[in-house]
Amino acid sequence: MTFLKTFLMTLLKRWGMWGAVLCLLGAGGLALFASWMTRLQWALVIAAAVLFVAAAALNWREGASLLGRRGMRHGASAALLVLMALGVAVLANAVSLRYNARWDLTENKRHSLSRQTVKLVRGLAAPVEVIGFFRSDTPGKRTAEDLLKQYAQASGGKFTYRMEDPDRSPGLARRYGVESYGTLVMQSGDKSEKVLDADEDRLTNALVKVSRSGKPVIYVVKGHGERDLSSAERAGLSQAKEQMEKANYTVKELELARQAKVPADAAVVIVPGPKTDLLPPELSALDAYLAQGGRVLFMADPLQADGLVKYLAKYGVALGNDIVVEPSPIGQLFGVGPEVPIVTGYERHPITKDMANVMTGFPVTRSVAPAKEGPLKGIMATALAKTSRDSWGETDLAGLRRGQPARRDPADTPGPVSVLTAVTIVPAPGAKTEPETDDDAAKKPEGRLVVLGTSTFASNQGLGFQGNRDLFLNIVSWLAGQEGEIAIRPKDTRQNPIFLTSAQSRTVLWLSIVILPGAVMVCGIWLVVRRRRIK
């Protein structure tokens with residue numbers, strides 16, 4: 001025992017200080033590269049403190065004699081400053097692990113979650129877990145962790161995540177069918193979704209899919225020259241279909257003339273710009289569907305399907321026989337002409353409540369407004385989007401066909417002009433399609449109808465314009481009764497470059513490479529020479 005005690009005392013006396021330094025370096029390394037190992041970090045800090053005190057106590061005689069020397073006093077002062085700096089760094093790291101805050105100072109909040117994502121994450125009904133399969137050297141790991149951390153912080157404990165190395169956990173990777181590094185697997189209950197690129201758009205769409213039960217079915221009517229759902233051309237609707245499917249809807253085509261009724265599983269029926277009038281049996285099928293609480297989106301292009309004017313009038317919607325023009329300088333900034341009116345203001349409605357300050361464009365649209373005759377019984381129509389006061393509804397359609405420029409005259413519809421109208425239809429008891437009692441009628445959902453003055457708005461040509469995609473998906477969500485669902489707006493990756501003249505560039509180059517480093521070097525040489533002269 002005496003030998004062991006002597007050995008330990010000698011070891012502490014000679015190597016205790018070095019051991020303390022190694023422990024502190026280890027704690028700092030863990031804080032930088034393995035911040036989740038907090039217990040080990042604190043254990044190393046405590047060990048460093050014990051070793052330091054023990055070594056100092058065993059070497060106090062030598063230390064006292066050394067402190068009497070001038071050089072030792074300077075060295076001890078420098079060592080104390082280093083230790084204080086290390087202590088501050090360790091303390092700041094420990095505090096940041098427990099309490100953290102972030103401020104996104106970018107103009108478009110590109111490093112923050114969108115309001116729609118925060119709303120979805122906060123409203124999660126069941127726990128959701130994400131497993132990220134990354135190696136330590138996989139590019140994008142830190143970005144993915146930062147994004148997942150924001151989701152977890154906003155969820156109140158319902159959203160959790162962890163990182164796994166697929167090389168160290170091959171069984172887990174095989175279980176989820178992971179084939180590449182950087183794959184994120186999101187699961188909730190018995191549902192799971194794989195995300196290959198960690199960005200907010202894909203993560204939130206996956207979150208919608210695993211947190212929602214069932215997939216609402218959206219039917220798109222065909223047979224009257226409507227826009228093609230599968231076409232990837234500028235006039236097609238392939239992008240609209242893709243966006244709806246990403247939002248967890250099932251999209252199908254519907255030949256209403258063959259079936260003469262809307263399928264029972266329809267959540268929404270879309271009529272995308274018919275060129276010819278719908279047949280009476282088709283309109284009757286839509287009437288029956290709306291009377292039973294159905295949801296329909298009409299896109300009624302100008303100069304086409306004139307029968308829709310009369311049909312929609314009974315639902316309190318007035319389709320104008322005009323084309324809205326707007327000689328706005330804003331539209332010219334985006335390279336669009338007066339035939340694409342720009343909308344920046346919206347009426348308060350569930351569809352538009354998140355559209356503040358979001359610009360949308362309505363290419364070649366007719367006016368769509370609540371009927372002037374006033375509200376019909378059980379029907380409430382609301383104009384959601386209006387163009388500016390400088391716009392008008394051009395009624396000289398023959399002149400436009402001849403290529404003449406649009407000119408405002410007294411016969412035109414004055415601006416602002418409504419181009420989007422939403423209608424709610426309260427079921428009336430006593431109708432043929434209605435239940436027998438008023439109590440049953442009260443339980444029936446309201447019918448919903450949205451009318452756009454153009455189908456180009458949702459085409460491949462128009463869907464990518466500013467906020468068109470978000471407004472379109474918001475319309476679909478409201479019609480499908482999914483008000484809590486969202487349409488993710490990808491972050492604007494706009495940069496703010498600094499433009500320098502050639503003289504300014506040379507100045508920056510000389511300052512950063514020659515002048516500033518040279519000044520530091522000259523100061524250092526001057527200080528060394530001065531100290532030697534003093535000695």
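The values are calculated or read from the model by the stated rules, or taken from the named source; none is laboratory data. Keep in mind that this is a model prediction, so the values were computed, not measured. No Cβ is skipped: glycine too gets one built from the backbone with ideal geometry, and neighbour counts run over all protein chains shown. The protein model used for the area step is the full one, side chains on, heavy atoms only, and it has no ligands, DNA or RNA in it. Shrake-Rupley method; radii C 1.70, N 1.55, O 1.52, S 1.80 Å.
What residue, among those in segment 381-396 that are among the polar types (S, T, N, Q) and open to solvent by 20 Å² or more (accessible area, probe 1.4 Å), is nearest to D412 (Cα to Cα)?
Of everything passing the filter in segment 381-396, T395 is nearest to D412 (Cα to Cα).
Could you give every pair whose Cβ atoms fall below 6 Å, whose first residue belongs to segment 275-288 and is of a type in the set (A, V, I, L, M), and whose second residue is part of a helix (DSSP H, G or I) and surrounded by fewer than 16 Cβ atoms within 10 Å (Cβ to Cβ), counting only separations of at least 6 or pairs across chains?
From residues that are of a type in the set (A, V, I, L, M), the pairs are L279/A257.
Within segment 1-86, which helices (runs of 4 or more DSSP H) (wholly inside it) include 2 or more residues that are at pLDDT 80 or above?
In segment 1-86, the matching helices (runs of 4 or more DSSP H) lie at 2-33, 38-58.
Need at least 2 residues that are open to solvent by 20 Å² or more (accessible area, probe 1.4 Å) and either more than 30 Å from L308 (Cβ to Cβ) or touching a residue at least 40 places away in the same chain (Cβ under 8 Å) (or both) per element, so show me which strands (runs of 3 or more DSSP E) inside segment 154-272 make the cut, counting only ones lying wholly within it. So that I can check it myself, show each step before the final result.
Numbers: elements: 159-164, 183-188, 191-195, 217-221, 250-254, 266-272.
Once the strands (runs of 3 or more DSSP E) in segment 154-272 are filtered for at least 2 residues that are open to solvent by 20 Å² or more (accessible area, probe 1.4 Å) and either more than 30 Å from L308 (Cβ to Cβ) or touching a residue at least 40 places away in the same chain (Cβ under 8 Å) (or both), what remains is 159-164, 191-195.
Please state which of the following conditions G403 fails to meet, knowing it meets all the rest: (1) of a type in the set (G, A, S); (2) surrounded by fewer than 15 Cβ atoms within 10 Å (Cβ to Cβ); (3) in contact with a Ser or Thr (Cβ under 6 Å, 6 or more places away or on another chain).
(3)
Which residue pairs have Cβ atoms under 6 Å apart, sit 6 or more places apart or on different chains, and have a first residue in segment 111-122 that is within 11 Å of L207 (Cβ to Cβ) and modelled with pLDDT of 80 or more and a second that is hydrophobic (A, V, I, L, M, F, W, C) and surrounded by 15 or more Cβ atoms within 10 Å (Cβ to Cβ)?
Note: pairs meeting the criteria are L120/I486; V121/A154; V121/F159.
Would you mind finding the one in Q259, Q243, Q304, Q292 that is under 28 Å from T204 (Cβ atoms) and modelled with pLDDT under 90? Don't jump to the end; show me each part of the working.
On the way: Q259 fails: under 28 Å from T204 (Cβ atoms); Q304 fails: under 28 Å from T204 (Cβ atoms); Q292 fails: under 28 Å from T204 (Cβ atoms).
Checking each option against the conditions leaves just Q243.
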